[in-house]
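Derivation of every value follows stated rules applied to the coordinates shown; laboratory data play no part. The shown structure was predicted, so the numbers you read here are calculated from the model rather than taken from an experiment. When we count neighbours, we look across all protein chains shown, and the Cβ atoms used for this are built from the backbone with ideal geometry, even at glycine.
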Amino acid sequence: MAELVPPDSRRCNYFFLYDGSKVKGEGDATREGICYFYPEETPLDKQELLCGQLAGAGRCVSELSASPVRILRLRCTKFAIRMKDDFFWALGCSAEVPTISACELLDQLINLFCFYNGSVRQSYQLYSQETLAARWAQYLSHLQSGSSKLQHIFSCLRTIDSTNVDPLLLLKAALILQACQRCPLVLAGCVLFRGRVVSTQMSPELTMKVMVHESETYTKAPSTFSSFGGAVSSTTVFLTMPELQYLQSAPVDKDFSSHPTPHKNTPQKKTRLSRTLSDTPSAESEPSDTGSSQSPLKGSFSPALSDSSVFSPDPLDPPPQPLQPPFPNGKHSPEAEEEALEESYYYRFHSNEGGVSRLHDEGDSPFEENSYLNGGGGRGDGGAACGAAFDFRGAEESHHDPVFTKEASGGGRESVQGRQAEMPDAPPGSGASDSPEECPLVPMTLYLHRVNGLVLALLVEPHFLSDTASMEEVYHSSLASLNGLEAHLRTICPGAPDAPGPYIFAHFDCIQSTLTTNLSGRPGGAPERPFVRATSLLHSHFCNTETLQEAIIRSAGAAVYGSRSVAQETYFQQHGGSLRNSGVPNHQDSAFLLPSKARHRLLKHGVNLL
Amino acid sequence: MKCLLIASESAEVLFQWTDTEFQQNVQEQYGASQEEGHGLPAFEDSISTLFAPIIISCSTMVDRLSDSYTSFTTENNHIYILHQFDECLYIAVNGDGEEGEGDLRRKIYVMKKMIEVMFGMVTLSSNLLRRELRPQDTEQRARLWKHLQSLLETYSQLRENDQSFLVEAVERLIHPTLCEQCIEFLERRLVQQLNGSVERAGEEVLHAFILIHTKLLAFYSSRNASSLSTSDLLTLIIMAQNMYPSNIDLDDPHPEDVESTSGSGPDSFYTPEPSPTDRDSSSSADKPVRGSTPVFEFVDPDVQMAEDSLQALEVPPPAPSTPRRVFLEVSLKDGLYPMMPHSMYCLPLWPGISLVMLTKIPTSAVAMSVYMFLEAFAKLEKRLSEGQEGSAATRGQPTIHDVRSKLDKFIKALGPSEIQSAQLQNVWTEFKNRAFSRGGPGFNRDLIPWCKNMKTQLCGIYRQCFLIESGKADIPQRLSPSLQERAQTMMQEKLMDWKDFLLVKSKRNITMVSYLEDFPGLIHFICVDRSTGQMIAPSLNITERNTSELGKGPVAQFIKSKVWSLVSTTRRYLQKGYSTVTLRDGDFYFCYFLWFENETGYKLEAGDIPILPDESAPIGMLAWDYYRKLLRYYSKNHQGEVVKCYELLTVHLGVIPTDIILQHCRQLASKLWEPSRNPLL
């Protein structure tokens, strides 16, 4: 078996879809029913054996219990099972993988398939088995690709490393999405960079689905629109009714973008809020918001100003420097870019203190930046024409942002919580929302605009594609900002992985489905293994016991502390220290200091454990 | 909705137990077609039909993939646990959420343990066990199944309500003076008299103990006896409870009784002189097996030795004075002998109080020989199947030539007895021809079936010796009824004045009240000494009429359920190598500690604890002694030291600062065992 992924880091050992309706009579061969089997190089008789036996035993059990089988375990492998109509899906993982993660992975996989192909039964009527097999393989390899064991445990969304990224850029991405939403045909979108989320307006589940297509188009170039220079593509996707309702329930103005970006945790509100406020000038470089209402500048500024004085901003005071001119070829040096941003931030902040009138005067520097940003994009369309008006519109809007950020993120969290709260009623792992075939699927279109590694993905109404005006509007309004954003993001070096500190932690945000950790993604680190093992056990325990808040578990080699609330799960392990202990209860034991150490250490990673 | 099923590879039901809900469910699904067919056979048929596809699929998976199902979970949370022991597949089902995967797996292992205690080495031959578990005669089968079913129900009931069966350790009644008196009485008066009597028919009382419900008041082992393992003792308690169930709701202690018991807090906690241990146990064991000609005093000419003609024998319903044949582990100087035959006499003194005696039967030396031969053939078979041949396959202790001469003598000794040994002799002759003759094939793979055959034959001999009641024998093989009666009367006289006290005391063994002052915020604890298999915990009586400190009804019930789930949670962590666990759960803070000490009480460094797969045997001491294995594993690095293993579980109010909680745990850990270092057994 030639495997690209080492078996160690593989999430799944087996995956198959078996169609029982094709094997009804005595004479029917089991192979007729095998729609897809992974690994594909498995000998056919073994495929038949597994499919036939598992599906048979599964059906027998489900008849006895009058309910479909969810988990089936062999001695060495555990299978997450889905039984629907005559279809039988099985996804086999090694025994260490938490059961809940295996079930999640299978659900993700099936939902992905339905997202891009519509209902499974129908797909198998429309397309050849080979075509669909290629798709299963594609989705499976996408879900398995290059993530660490820790990420497998949580099935989290991969985001850009926000500690290395200037928050301004996150805001920028959010604004691009908002701007696109002005077009009534656009439901929601997300901005991705090299397979990682920069900003999204969609639920984590939906974002995850969209990302598959993105990574696919990264390598291939599917149907494109010649008029847009090959950077734009689209594909039909299928949303479930709850997904669609969720998207439509959000008023377009409502700033959803701020909630899914990382680092918007409640405890951090203060600093961030002030930062967002002072960040405003960067938003002025958004020339994209054509034709939306503008409120009087002063009116919108004054409340924000008073806010900003209350929330004392970071004492980030770089000495004012003259702005460097852009490079002659239209590209600018990253340093210059950064400084320019900082510069504007600095001026803006100080000008805020000076009062509204001065703000106007100081508006020069962002102006300048704006102009050369557009120049940098190489497409002058709209840039100069937008002029001051757009500029300040942007500023005004982002002054609204902080307020919205608070409300929208709060609201968003609540609604997600609400959904989660409903879940426990259903049997665990079989969330009603993730059975796509139960409710009709609504065809929608996924619109993708790529600028090198950066992708703007929008879920749009199907007739968006025929509506040239809307399409052009969305395209042109976002193009320049995308170029700018791409240029910024490209220059951010991945950042040397933190020197392995005296501790390991993992922080999982259940709402946004994001994971923060100081653990390198590469497998094989010996000291990591006990941590990953403990995390996987504790995560399962947290999932099964609603009332559990905190846990410390210790083996001979490692003590790990886990803590969870409705919104997050945090795991912490301290290296070194005196591991020598007798295990007898002792209040001076270092293991019991873990909670306070975690609280301390993790603050600097933006994790607040109260 | 619960079910436990044992099936053979050919999907034949060897045993089934279902609750009424499950039975109804099956009948609804199956019943439509055969309405009139009610009663046992019809239900048995339908259950076998329903499970057949799973059972057959299971053996297909084993054959072709060398893997097999261990569990199924459905979306409505029905759990199916499967486990194969040799050729018997056990399936446990729960559909009402009352049992988790661990509970079901435990139930399977406990069922297997009880079958072992009842059938001994016959369980080593799947072929013989199948016949034993599923007698041809329907009435006999019904009787046997009913007995096994009620044992299983007794066990489940105890596991759900009795803390000692929750943690699988023996709980003693804490009353040191009475305990001491009783041990003395058992030793000087009772056992001595019984063993000196001519009416004992060659039997010898090895162990005698007094049970108050499930709690042990006193335990005495004779000097000749090897120690009784915790696993066996717990199984015997289940059997005794099954014979004379104690109705928990019946006894309602009067307030003044409670008063008298609450004084026995931790302060008055001490243990009397230890009863003699197995120091001198070698005297009987050292009798060389080889030379002794077994004497078979019972006659059963109907027994056919040919394997396929083994008839189900008529077993009359046991008379009250008929002992139970039990097969228990015996540890002697030269090794561990599992499943050695004993007779168990359970004499009820009063409702809830009984005297249990275990006797050695005169022919038990045969069992040792059989076990030794079985082991030799099993080893040989293993080596041969690993591909070793010739002398490589026969090395080891005892040598094959040793076995040969011993077996020759053994068969010779069987000759004049009533045991049908012709078949064994034939197979042995054939084996010798193949293995030892010069021109023969010698030791290679072809010998494997003959090893198997030899094992089956030996199990057959064992079955004849120990499992078949000698109904027609002139001299019944037991302590005479009058002797039993005398023992009963003696004990009753001794405990007459204590009886009411004991019954109350067993409900209020130790109470939380006595700890509240020293440990504010402590709600409950369980402390277990795993080296001796004993536990201490405040009583948790959850009955309608009983009020404990926890109060009545829902609150007490809630705390009880928390304690129960805590035990299963910590076991899961222990299985994965974690020996310290603290949990903040709702309004409670739970702690669990496992640690090792040497004999002087010095705390040893925490070592690696093996990480076991999910489907491994359940952690406990009843069905499979995890802690014995753990101690052996840990002791590897502590040669020459006696290592002891302790566990402590506590439940505190969540508002108590962690520091204080940990101090409590420390104090409890050091305080609880201090006066009771003496081993119980």
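Name the residues whose placed amide hydrogens come within less than 5 Å of the amide hydrogen of B:Leu332, ignoring near sequence neighbours (fewer than 5 apart) on the same chain.
For B:Leu332, the qualifying residues are B:Tyr337.
Once the dipole of segment A:14-152 is set up with Lys and Arg at +1 and Asp and Glu at -1 on Cβ about the Cα centre, which of A:Gly118, A:Gly58, A:Ala102 lies farthest towards its positive end?
Toward the positive end, the furthest listed residue is A:Ala102.
Taking a 19 Å limit on the Cα-Cα distance, which of the listed pairs A:Lys22/A:Lys84; B:Lys113/B:Lys455; B:Lys409/B:Lys432; B:Lys432/B:Lys452 fall beyond it?
Distance filter (> 19 Å) returns B:Lys113/B:Lys455.
From the P(r) of segment B:55-136, can you give the percent of Cα pairs sitting at distances over 14 Å?
Result for the distance tail: 67 percent.
Which translational diffusion coefficient, to the nearest whole µm²/s, is obtained for segment B:402-484 from the Stokes-Einstein equation, given a Kirkwood hydrodynamic radius over C-alpha pairs, 25 °C and 0.890 mPa s?
165 µm²/s
Mind listing P(r) for segment A:6-68? All alpha-carbon pairs, 5 Å bins, whole percents.
4, 16, 24, 22, 17, 10, 5, 2, 0
Normalising by the residue count of segment A:14-152, find the relative contact order in percent from Cα pairs under 8 Å and 6+ residues apart.
With pairs under 8 Å counted, the relative contact order is 20 percent.
Please list the non-local residues whose amide H lies under 5 Å from the amide H of A:Leu157, H modeled 1.01 Å from N, same-chain partners needing a gap of 5 or more.
Hits under the 5 Å cutoff: A:Thr514, A:Leu515.
So if I restrict to the alpha-carbon atoms in segment A:14-152, what is the Rg, and what is Dmax, the biggest pairwise distance, in Å?
Computed over the Cα atoms of segment A:14-152, radius of gyration and Dmax are 14.5, 46 Å.
Across 10 Å bins from 0, what is the distribution of all Cα-Cα pair distances for segment A:503-604, in whole percents?
14, 49, 32, 5, 0
What is the distance in Å between the Cα centroid of segment B:102-158 and that of segment B:36-101?
Using only Cα atoms to place each centre, the spacing works out to 16 Å.
Give me, ordered by chain and number, the residues 5 or more places off A:Arg75 or on other chains with an amide H under 5 Å from its own placed amide H.
Long-range HN contacts for A:Arg75: B:Ser68, B:Thr70.
Shape call for segment A:139-210 from the C-alpha gyration tensor, a ≥ b ≥ c root eigenvalues: rounded (a/c under 1.5), prolate (a/b greater than b/c) or oblate?
oblate
Determine the shielding of peptide B:564-576 by partner chains: average, over its residues, the number of Cβ atoms on other chains within 10 angstrom of each Cβ.
Shielding by partners across B:564-576 averages 2.
Which length gain, in nm to one decimal place, applies between B:Ser197 and B:Asp63 when the Cα-Cα distance is subtracted from 0.36 nm times their residue separation?
Residue separation times 0.36 nm, minus the Cα-Cα distance, leaves 42.6 nm.
Each residue of segment B:2-19 in turn: what ³J(HN,Hα) in whole Hz from Karplus with 6.51, -1.76, 1.60 and θ = phi - 60°, glycine and Pro shown as x?
10, 7, 9, 10, 10, 10, 7, 5, 8, 6, 7, 7, 9, 6, 9, 9, 9, 8
If I take every Cα pair under 8 Å that is 6 or more residues apart in segment B:585-651, average their sequence separation and divide by the length, what percent do I get for the relative contact order?
The value is 50 percent.
With a Förster radius of 35 Å, plug the Cβ-Cβ distance of B:Ala378 and B:Glu139 into 1/(1 + (r/R0)^6) and report the FRET value to the nearest 0.05.
About 0.50, to the nearest 0.05.
Between their Cα atoms, which of A:Lys24/B:Lys107; A:Lys78/B:Lys576; B:Lys507/B:Lys562; B:Lys112/B:Lys629; B:Lys107/B:Lys644 are more than 29 Å away from each other?
Too far apart for the 29 Å limit: A:Lys24/B:Lys107.
Quick one: order A:Val165, A:Val442, A:Val69, B:Val642 by neighbouring beta-carbon count within 10 Å, fewest to most.
The most exposed by this proxy come first: B:Val642, A:Val442, A:Val165, A:Val69.
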